[in-house]
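Before any comments, here is the structure.
The values are calculated or read from the model by the stated rules, or taken from the named source; none is laboratory data. None of the values given here were measured: they were computed from a predicted structure. Note that each Cβ is placed from the backbone with ideal geometry, even for glycine, and that neighbours are counted across all protein chains shown. For accessibility, only protein heavy atoms count, side chains too; no ligands or nucleic acids. Shrake-Rupley method; radii C 1.70, N 1.55, O 1.52, S 1.80 Å.
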Amino acid sequence: MINNIWILIGKKLNGEASPEELLELEQLLQQQEAAGVYPMDGLEEIWKNDQQAGQDEKLLNKWDAFEAELDAIEEKEAEEAAQVIAIQTKTKRARIIKLGSLLAAACLMLGVFWFTRKETIPTGKSNEITAPKNGISKIQLPDGSRVWLNMGSKLTYSNDFGTDQRRVNLVGEAFFDVVKDPQHPFVVTTPTISVRVLGTKFNVRSYNNDKTSEAALVRGKIELTVLKNPEKKIILNPSEKLTIINNQEPQAKSNIPTDRIAEETPLIALSRIHQAKKDTLPSEALWLENKLAFDAEDFENIAQKMERRYNVNIVFENEDVKKLRFTGKFEKEPINKALLYLQRTAAFHYKIDTNQIVIY
């Protein structure tokens, strides 16, 4: 009887139950409730939790497949590079032998210089990596953790990385795959938030000029601190994301009372990451596949992403147009086609003058 109840509940929650099956389910539940078994609301909650757990597991499997694909690409590139190096080495071997004595002397001098130079480098000197404006950079940190930097993003870390903590600073957007090391916590600090982890996969977006910052967790657990409110710690679980309003000063200058602003635009919003059925990654990390994705985002936020992707400057002449919300993604579309597609779903106009775009 219990199995039959679950089957009927599944059909009901999926919208597949016939009127006869709904009637049968109601009668069975009344019998079970009278006997002290689960009521309907309890059964529905268990069903939903089970469904969500299944979705999270599918998401993790997709990430594993994506990571395996990246590893395969890297191995292939390494093999090709090794073949090229072998050919170059063979053709240059004769010249290297002739210059052997000179190189030995030069290496000896360089070794003395390098030894002296290392002694004078301050311990806290930073290493800085900046992704190009039209591409993505991949970095492997000294502990083996991997980082993907989105267009124009910058990552810095000191020479003593891993001595006490594994601390990095980020301006922009990055995806982290952190190696587990409980003795050396991994900390990501941005201009607005700080993220502390032990071993996990997550995406962080915190550009200087963006209205919001965001942390999206795929696997593991992270502790997030908003730098404006450091005493409050927020724990994110897998498939959750946190969005933070960076600066509300423009709104505060308006005639809207401060308490009304706080009510209408919360400083922090917790939600779930978005995973479309046809995509291999959540929309929050589709930039890893060179896609521009947005999920119910306002036009102003999307415009900032388009500025970075297409290297253009976008100006709004209509404040109401900024608030229009869109869901979608672009991959190979040029800027004029991308705007045309958005225009088909909402009423606005635009004009393009070289790298300047005016939206009204």
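Report the Cα centroid-to-centroid distance between region 127-199 and region 282-331 in angstrom, as an integer. Spelled out, the Cα-based centre of one part sits 25 Å from the other. Taking the 1.4 Å solvent-accessible surface of region 267-360 as the whole, the part contributed by carbon and sulfur is 49%.
Quick one: which of 346-357, 207-218, 141-152 comes out on top by average Cβ neighbours within 10 Å, and what's the full order, highest first?
Top of the packing list down: 207-218, 141-152, 346-357.
Pairs LYS278/LYS323; LYS211/LYS322; LYS180/LYS277; LYS201/LYS278; LYS211/LYS329; LYS154/LYS323: which exceed 24 Å Cα-Cα? Over 24 Å Cα-Cα: LYS278/LYS323; LYS180/LYS277; LYS154/LYS323. Sort region 172-219 into rounded, prolate or oblate with this rule: let a ≥ b ≥ c be the square roots of the eigenvalues of the Cα gyration tensor; rounded if a/c is under 1.5, and if a/c is not under 1.5, prolate when a/b is larger than b/c, oblate otherwise. Prolate shape, in that a/c is at least 1.5 and a/b is the bigger ratio.
Phi angles across region 189-202 convert, under the Karplus curve 6.51 cos²θ - 1.76 cosθ + 1.60 with θ = phi - 60°, into 3J(HN,Hα) values of 10, 10, x, 10, 9, 10, 10, 10, 9, 10, x, 5, 10, 7 Hz, Gly and Pro given as x. Classified by the C-alpha gyration tensor, region 265-360 has an oblate form. Its axis ratio a/c, with a ≥ b ≥ c, is 1.5 or above, and a/b does not exceed b/c.
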